[in-house]
Amino acid sequence: MDQPYSVPDREQVIDTMIELSRLSSLHRAIVAGSDSLELYLALRRRGFIRVATTATCRIAKGQHSVGLITDQRSGQDIETALAQIAPYLSPSAAIAVLISSREGGVCLKIRARLEQMGFRIEAGVRCHQGLVLSGYRQGFGQMENAA
C-alpha cells in the first residue's frame, strides 16, 4: 500500500521536477496523472500561473512547453497519462515524469514510451517518492511531417 506524500517529500519531488524540466513562470505547463490536481495547486502556490491540467485545458494544440506527470499507482497509469498529455505538448517540449511504482521494468517501459514520443532522456533523479525522469524533444514536428 502506498504511503501518502509527506510535505517535505512532496516539496522535494516538485523541486526536482521544476529543475529538471527547467520550468519558469514564462512557460506554459500541463500536468497529468492521478496526483495532477495536487501538483497543479502546488505549482500555482509557487507562482506558476500558466499551468493547466488535461482536465481543465480545453484545446490540445501543442501549446505547452513543459509537461509534468505524477502518478502513485502503476506503470500503465503513467502510460495513459503520457497519451493524454502528448497532444498538449509543443514540438520542442520538456517533460518530467515521477515514477513511484515498484513494478519491475516500469522505468524501462516509460523510457521507451518517451523515446517513441520523440523525447531524449536527459536525466533520472532518485527522490523519496521514486524516480523522476526528464527529457526534451527537438524538431519533433519535423519528424512527424517526414513520417
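Since every read-out is calculated from the coordinates, none of them should be taken as a lab result. Keep in mind the model is a prediction, meaning the values are calculated, not measured. Because the Cβ atoms are built from the backbone with ideal geometry, glycine has one as well, and the counts that use them run over all protein chains shown.
Details
- Couplings 3J(HN,Hα) of region 75-87, computed from phi: x, 5, 5, 5, 5, 4, 5, 4, 5, 5, 7, 3, x Hz, in residue order, whole Hz [Karplus 6.51 cos²θ - 1.76 cosθ + 1.60, θ = phi - 60°; x for Gly and Pro].
- Ranked list, fewest to most other Cβ atoms within 10 Å of each Cβ, for Lys61, Lys109: Lys61, Lys109
- Sorting Phe119, Phe48 by the number of Cβ atoms found within 10 Å of their own Cβ, with the fewest placed first, yields Phe48, Phe119.
- Short-range pairs are left out: with C-alpha atoms under 8 Å and at least six residues apart, the relative contact order of the chain is 24 percent.
- Neighbour-count order for Ile14, Ile121, Ile69, fewest beta carbons within 10 angstrom listed first: Ile121, Ile14, Ile69
- Pairwise Cα separations in region 7-146 fall into 10 Å bins from 0 onward with the following percentages, short to long: 13, 49, 33, 5, 0.
- Val97 sits among other residues whose Cβ lies under 11 Å from its own Cβ, and their net charge, with Lys and Arg +1 and Asp and Glu -1, is 0.
- Extension gain from Ser74 to Arg126, taking 0.36 nm per residue of separation minus the Cα-Cα distance: 17.0 nm
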